[in-house]
Amino acid sequence: MTWKDIISLGFRNLTSRRSRTLLTIGGVAVGVTAVIFLVSIGYGIQRLAIRETLQSKSLSFFDVKVGTGDIGELDSKIVNKITSFNNVKGIHLQLETPAKLTLPSSSTKADVIALFNSTTYLQQTDLTLKKGRLFADDKGELLISDAVLTLLSLPAEKVLNSKITFQPLMRGGLLAGKPKTDEITFTVVGIIDDRETPYLSAPIQPVVDAYGAFAFSAAKIEVENVSEIAQTRQQIADLGGLQTEYVGDIISQLNGIFSVVRTVLAGFGLIATFVAALGMFNTLSVSLMERTREIGVMKTLGTKRRDVWKLFLVEGMLISILGGIGGIALGLGVGYGLNGIVNLIAKATGNATTSFYYAPPLFLLLIIGLIILLGALVGLIPARRATKISPLEALRYE
Amino acid sequence: MAVEAIFKVDKISKRYPIGKREIEVLHNLELEITPGEFVILIGPSGCGKSTFMYLMFGLEPPSEGKIYFNNQDIFAMHEDQRTELRSHHIAMVHQQPIWIKALSVRENVAFPLLLHRIPKSDAVAKADRMLHVLNLEKLANQHPHELSVGEQQRCSLMRSLITEPEVIFADEPTGNLDTDSSIVVMELLKTINEQLGKTIIMVTHNMSHMPYGSKIVSMIDGKIVNVEVKRPPASPDNNKGISDILGSWADRNATATTKPASDSSATGKVQTQVKSKPSLAQEISKPQTKVTKP
Ligand SMILES: Nc1ncnc2c1ncn2[C@@H]1O[C@H](COP(=O)(O)OP(=O)(O)O)[C@@H](O)[C@H]1O
Ligand SMILES: [Mg+2]
C-alpha cells in the first residue's frame, strides 16, 4: 500500500468510531493544553521579570564600583588603564557628591546628593522619569528627584524648565583643585520618579571642567564583545579594590530559577498528557481487538505485515497530531484570551497592561515534535501486536 | 500430455499441542490439483477441511510434508513471498465474509488492488465495473454490513477476483446462505471456473453442490479417504474478458431465477437490472494497469 492509502485508511478507521476517537483526541488535547498553558505562563512571567530587570539596560554594559575601605580608587590613572583594555569600548563615569541647591526664582534652598554622569550612563540605570526628559550632555540641563520637590515644597510645574543653581561640596578628595566657579546654574528638564532620596543628576563634563576631578565614584563599562565580558571583569578585579556588577548575572539567575519553575509546571501538564497517552493506548488496543478478524482478512488478501504495522502507527499519530493541534490551539486561545481579559480589566481600572503569557515558537515546535513522537510510541505496541496476529486464528475467532 | 500441478500436497500432517499432548488434525495427506479444476473438499465437521485449506493457502506450515504451488515449496519461501502469492496468485472467500468496516462495499472490493499500489481511482473504477456486471452497483456506496448475506458473498467473490488470481479458495461459501442465494453463488463459481479457467478449491457440506465439482476429495478424521475425478479441468475461454463472462453469467442467472416465489432479495436484484448493461462488457475487458513497484 502507498503511504497515502495507509493514511486514508487510518483516517477512515478513526472516523468510523467517531465518539471514541473524539474522546481520545480530546484527552490528548487537554493534556497538551495543560502543558502549553502552564509552561507559557512560566515563559511569560520570566519574560516580564527579565524586562523588569533590564528595562532600557543593555547587556554590553557592566558596573564598576569602588570597594569599601580605602584600597580601591577609581582615579584617572585607573580609568585610563581600563580604557586601554582590549574588550572595552567605552567608560562612562559617575561622580557623587553632596551639593547645595538653590532655586533662584523663589530663593529656596535644599541639601541634596549630586550625581554627575551622562545620558548613556543614565540609560543603563533603573531611573524612571515622572515628567520631562533626560538631560542632553552639553546643553546646561539637569534632573531632580521628586523628593527634592518635597524639600522645596513646590509642585513639579513650577520647577520644570526653570533655572536651578547648585554647588557641589568637596568631600574625601573626590574633587580636585580649587573650584573655578562656586556655583553652576542649569535648567531643570526632568523630574525623576523617586520620593525617597533628594538628588539631582547632571552632566559630568561641565563639573570636571569647572572643578577638575581625579577620582570617580562609579563607572559603567561598555564592552565590544559580550561573550568576553567575564574576562574583562576579571581584568578590572585584578586591578584591586574595584567591584563589578553585571545585570547579566541577575538575568542568568532568573533564567535558572525559571527553568526550574517551568520544569515543575511542565511536570503537571505532562501528568495530564501521560493520562491522555494511556487513553490513546487503550483506544488503540480496543480497536485492535475489535479488528482482529479484519486484520486477519487484510493479511489473507495479501497485506504486508509492514503495512499493518504502519496502519496502527499512523492511527496513533493521527490521534496525537489532531490532539496536539487542538491542544495547541486551546492552550494559546485560553492563555492569550485570559491575558487579554486581565488587560481589559487593568485598562478599565487604570492599571498598566502586561503580557504574562508567552508561548515561544520554538517551544511550540518542540511540543509538536514530542506529540508526534508520543503518538508513534503509543502506537508502537498495538502496531507490533497487529503484525503478530495470525490470520488463521483471526479467521477462526468468532 | 501430463499437466503440471498448480498445487501439490506432499504427505502433510498437522498436529496441534493441547496442553502437554498433541492432537493430529491432518494425517499424511497427498493431493495434486491441476489448473482449471473445481475441487470440492467434503467431510464431516471437524475433520480438518478448513485446516487443510489454510495450510495450502500458506497461512500456517504443516508439521510434516511439503506444499508446492507451481513447483515452489510455499513454506520454503520468505513470509513476504507468501504475502505476494496471496496478493497476486491465490485468493480466499470465507463462509461469513469479513470486511474492513470503515470502508464502503466499493472500497472493500477495490482494496486488494491498493496492495498492488494501483492508484485508488483506478482500483475503485475496476471495483465498480465488477460490481456493475453483477448488478450490484447500487450497493457500491453502502456499508458491507447493510447488505444481505447473499449480496455480501457475491461482493466478497468480486473482491477475491479483482486481482485476477489463478486459484480461488472458498471455505463453505454457501454455508450461511438460503438455497436460492447458494445457487447464485455456485453458478458464479462455476462461471469463474469454466469460463475464466480459474482453479477453485471449495469446502462444502452441501451434497447438492457435488455436481459443480470436477474432483471430489472426501475427508474423514484428518485423512483423505477418496478422490473422485468427475471430468477434466476447465480451460479458460481466451476470447473473452472477465466482464463478458460475468455479464453473460448475470444474464443466464437472471432468467434462471425468474421462477416465481423463489425470490430472495439477492436474486431479485439480479433479474430486475440485467437488461440495462451488456454494452459495458467491452469496456471492462480493458487490461488492468499494473503498477507494482519492486
Ligand atoms: N489451533 C488449533 N489448536 C488445536 N486444535 C485445532 C486448532 N485448529 C483446529 N483444531 C482442531 O482441528 C480439527 C479440525 O478443524 P477444522 O479444520 O476447522 O475442521 P473442519 O473445517 O473440517 O470443520 C478440529 O477438531 C479443531 O478443533
Ligand atoms: Mg471448517
Item to check | region B:154-183 residues near the modelled B:H89 label - backbone nitrogen below 13 Å, point 7 Å along Cα→Cβ | outcome: B:165-168
Next on the checklist: Give me, ordered by chain and number, the residues 5 or more places off B:F169 or on other chains with an amide H under 5 Å from its own placed amide H.
Outcome noted: B:A91, B:M92, B:V93, B:I201
Checklist entry - What FRET efficiency comes out for the pair A:K4/B:D178, r = Cβ-Cβ distance, R0 = 41 Å, nearest 0.05? => result 0.50
Checklist entry - For chain A, what is the calculated [θ] at 222 nm in deg cm²/dmol (nearest 500), taking -39500 (n - 2.57) for each run of four or more DSSP H residues and dividing by its residue count? => result -19000 deg cm²/dmol
Item to check | Interface burial for A against B (accessible surface, 1.4 Å probe, total of both chains, Å², rounded to 100) | outcome: 2600
Item to check | Average beta carbon contacts from partner chains per residue of A:293-299, 10 Å cutoff | outcome: 5
Next on the checklist: Just to be sure I understand the model, the point goes 7 Å from the Cα along the line to the Cβ. What's the resulting A:S355 to A:Y336 distance in nm?
Outcome noted: 0.9
Checklist outcome for this item: Most fluctuating of A:F37, A:F11, A:F258 in the GNM of chain A (C-alpha, under 10 Å) is A:F11
Checklist entry - If the limit is 28 Å between Cα atoms, which of A:K304/B:K66; B:K66/B:K101; A:K310/B:K20; A:K89/A:K163 go over it? => result B:K66/B:K101; A:K310/B:K20; A:K89/A:K163
Next on the checklist: Defining a contact as two alpha carbons under 8 Å apart and six or more residues distant in sequence, what relative contact order in percent does region B:7-258 show?
Outcome noted: 27
Next on the checklist: Report the gain in length on full extension from A:N161 to A:K131: 0.36 nm times residue separation, minus Cα-Cα distance, nm rounded to one decimal.
Outcome noted: 9.7 nm
Next on the checklist: Could you identify which residue out of A:G42, A:G267, A:G302 has the top mean-square fluctuation in a GNM of chain A using Cα springs shorter than 10 Å?
Outcome noted: A:G302
Next on the checklist: Between region A:44-62 and region B:27-63, how far is it from one alpha carbon centroid to the other, in angstrom?
Outcome noted: 81
Item to check | Solvent exposure, largest accessible area first (probe 1.4 Å, DNA, RNA and ligands not counted), of A:W3, B:W99, A:W309 | outcome: A:W3, A:W309, B:W99
Checklist outcome for this item: Hits in region B:187-218: amide N under 17 Å from the 7 Å Cα→Cβ extension of B:V225, namely B:204-207, B:216-218
Checklist entry - Want the number for B:M77 to B:H145: 0.36 nm per residue separation, take away the alpha-carbon distance, what's left? => result 20.9 nm
Checklist outcome for this item: Taking Cα atoms only, helix A:18-54 is inclined relative to the longest principal axis of chain A by an angle, in degrees rounded to 10, of 10
Item to check | Extension gain, A:T53 back to A:I325 (0.36 nm per residue minus Cα-Cα distance, nm) | outcome: 94.4 nm
Checklist outcome for this item: Counting only DSSP beta bridges with both partners in region B:7-258, the antiparallel fraction in percent, to the nearest 5, comes to 55
Item to check | Percentage relative contact order, region A:73-239, counting C-alpha pairs under 8 Å, at least six apart | outcome: 36
Item to check | Distance between region A:66-133 and region A:12-38 - C-alpha centres, whole angstrom | outcome: 61
Next on the checklist: At 1.4 Å probe size, with the rest of the protein present, what percent of the exposed accessible area of region A:1-142 is carbon and sulfur atoms?
Outcome noted: 58
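The values are calculated or read from the model by the stated rules, or taken from the named source; none is laboratory data. Being a predicted model, the structure only gives us computed values, none of them experimental. We place every Cβ from the backbone using ideal geometry, glycine too, and count neighbours over all the protein chains shown. Areas reflect the complete protein model, heavy atoms only, side chains present, ligands, DNA and RNA absent. Shrake-Rupley method; radii C 1.70, N 1.55, O 1.52, S 1.80 Å.
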